[in-house]
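Colleague: Got a structure for you, questions after.
The values are calculated or read from the model by the stated rules, or taken from the named source; none is laboratory data. Keep in mind the model is a prediction, meaning the values are calculated, not measured. Neighbour counts are summed over all protein chains in view; Cβ atoms, including those assigned to glycine, are modelled from backbone coordinates with ideal geometry.
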Amino acid sequence: MINDKRGVIGMQAEVGPIEKEYTAAQTGGAMMDASVWGRLKFTGKNRVDFLHRMSTNDLLPLQVGQGAATVFTTPIARIIDRTIVYVRQDDVLMLTSRGNQARVRQWLRKYIFFNDDVQIADVTEETGMLSVYGATANQVMAQVTDEDFSALPLHHWRTTQIAEVEVMIARADPIAQGGFHLVFGKDAHASLWPALLEVDVVPLSEETYQVLRVEAGQPEIGHELGDDYIPLEANLWNDVSFKKGCYTGQEIIARMESRQKLAKRLVGLRFAEAVALPATLWLAEQEVGVVTSVVHSPALGWIGLGYLKAAGGSAGQVVQSRSGERMVQTAVAALPFKPV
């Protein structure tokens, strides 16, 4: 099982041993039902301009078929969510973090003014989403579509047919060597899932997905993303433009970038043994950070993610993870994790 700030995460379904799923992702292909991710649709002539002025990345250059990760922050630059936006012909589709679409929609609606032509619809319930990861993800897409997706850039997308169903396929963040998000009408799930199983894609449980996410150093809402953190601290530098105009939270983010000084930063952690959350990081009897995720990797053992203050050192530093009165030796690691 996985220790989580919200408790313990279990299996989505009985899909086989973790080792089998993990090996499939590392050497072949694996897929999971990602329909719990939020999906918002933006329409109106000002939709791209609105999202551009509300978030950290430069969205104005995006053309149809392209996408980008961008972060929405509070006035003091705390993270509301990291999202992916896809520019389509008549709208913009946004992926939010799991279950976070209502908060993002509510936040953005407060900033739509009388002269803004922008509408926001929550389409989470009327759409479905699968994610395919693994070393052979490109080959999997080629097998089920008869098209080559290997050159598709990060977060770019295009539509195609799988099992006579129209599917939007987008390049996903590099978890388990890469992958794709598939978005479709909710009724198509029954056709798409077996079509992917036919090309030897292994179903991926939530537990194994979390292992792969942590290994890749990908932050997640409720763990590494939230009101306690600023995008640069979460290693989201690629999701922030330092050349664009004003957006909510920009002043603080720009100041941190110009000074090149962060109060804390997201790091990898290698534990000598299991650590239960909540847990903090200690060095020389001083609290220097917090543990945000803990998983057991078949290849790397007990690993996790956490935020380390500047006083905690850098990769290679040995600290202690404290859970209650228990202390566990912990080595700070660079992200993404590398094989031992």
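Colleague: Could you check, for region 239-258, whether at least one of its residues is among the hydroxyl-bearing types (Ser, Thr, Tyr), assigned by TED's automatic domain parsing to the domain that holds residue 165 and free of Cβ contacts under 8 Å to residues at least 60 places away in the same chain?
Modeller: No, region 239-258 has no match at all.
Colleague: Still on this structure, I have one more. If residue 247 satisfies all but one of (1) farther than 15 Å from residue 335 by Cα; (2) surrounded by fewer than 19 Cβ atoms within 10 Å (Cβ to Cβ); (3) among the aromatic types (Phe, Trp, Tyr), what's the number of the condition it fails?
Modeller: Here residue 247 meets the rest and fails (2).
Colleague: Could you say whether any residue in region 177-200 is charged (D, E, K, R), crowded, with 18+ Cβ neighbours inside 10 Å and in a loop (DSSP other than H, G, I, E, B)?
Modeller: no
Colleague: So, one more: Checking the structure you have, find out if any residue of region 96-117 is touching a residue at least 24 places away in the same chain (Cβ under 8 Å), farther than 28 Å from residue 233 by Cβ and in contact with a Phe, Trp or Tyr (Cβ under 8 Å, 6 or more places away or on another chain).
Modeller: Yes, region 96-117 contains a residue that is touching a residue at least 24 places away in the same chain (Cβ under 8 Å), farther than 28 Å from residue 233 by Cβ and in contact with a Phe, Trp or Tyr (Cβ under 8 Å, 6 or more places away or on another chain).
Colleague: Output the number of residues of region 150-176 satisfying the condition of being assigned to a loop (DSSP other than H, G, I, E, B), among the small types (Gly, Ala, Ser) and within 22 Å of the chain's Cα centre (by Cα).
Modeller: 4
Colleague: When region 69-98 is examined, which residues are found to be among the small types (Gly, Ala, Ser) and either under 17 Å from residue 119 (Cα atoms) or surrounded by 20 or more Cβ atoms within 10 Å (Cβ to Cβ) (or both)?
Modeller: 77, 97
Colleague: Kindly provide the set of residues from region 116-156 that are among the charged types (D, E, K, R) and under 30 Å from residue 53 (Cβ atoms), ordered by number.
Modeller: Answer for region 116-156, where residues must be among the charged types (D, E, K, R) and under 30 Å from residue 53 (Cβ atoms): 116, 117, 122, 125, 126.
Colleague: Tell me, which residue of region 250-282 that is modelled with pLDDT of 95 or more, small (Gly, Ala, Ser) and closer than 23 Å to residue 220 by Cβ is surrounded by the most Cβ atoms within 10 Å (Cβ to Cβ)?
Modeller: 279
Colleague: Quick one: residue 325 ticks every box in (1) without any contact (Cβ under 8 Å) to a residue 24 or more places away in the chain; (2) under 30 Å from residue 177 (Cα atoms); (3) of a type outside the set (S, T, N, Q) except a single one, so which number is it?
Modeller: (2)
Colleague: Looking only at region 223-243, decide whether some residue is polar (S, T, N, Q) and under 21 Å from residue 177 (Cα atoms).
Modeller: Yes, region 223-243 contains at least one residue that is polar (S, T, N, Q) and under 21 Å from residue 177 (Cα atoms).
Colleague: Is there a residue being in a strand (DSSP E or B) and not assigned by TED's automatic domain parsing to the domain that holds residue 335 anywhere in region 136-149?
Modeller: So far as region 136-149 goes, no, none of its residues is in a strand (DSSP E or B) and not assigned by TED's automatic domain parsing to the domain that holds residue 335.
Colleague: Also: Quick test for you: out of 158, 109, pick the one residue that is farther than 17 Å from residue 96 by Cβ, modelled with pLDDT of 95 or more and charged (D, E, K, R).
Modeller: 158
Colleague: Somewhere in region 255-274, is a residue among the acidic types (Asp, Glu) and over 22 Å from the mean Cα position of the chain (by Cα)?
Modeller: Taking every residue of region 255-274 in turn, at least one turns out to be among the acidic types (Asp, Glu) and over 22 Å from the mean Cα position of the chain (by Cα).
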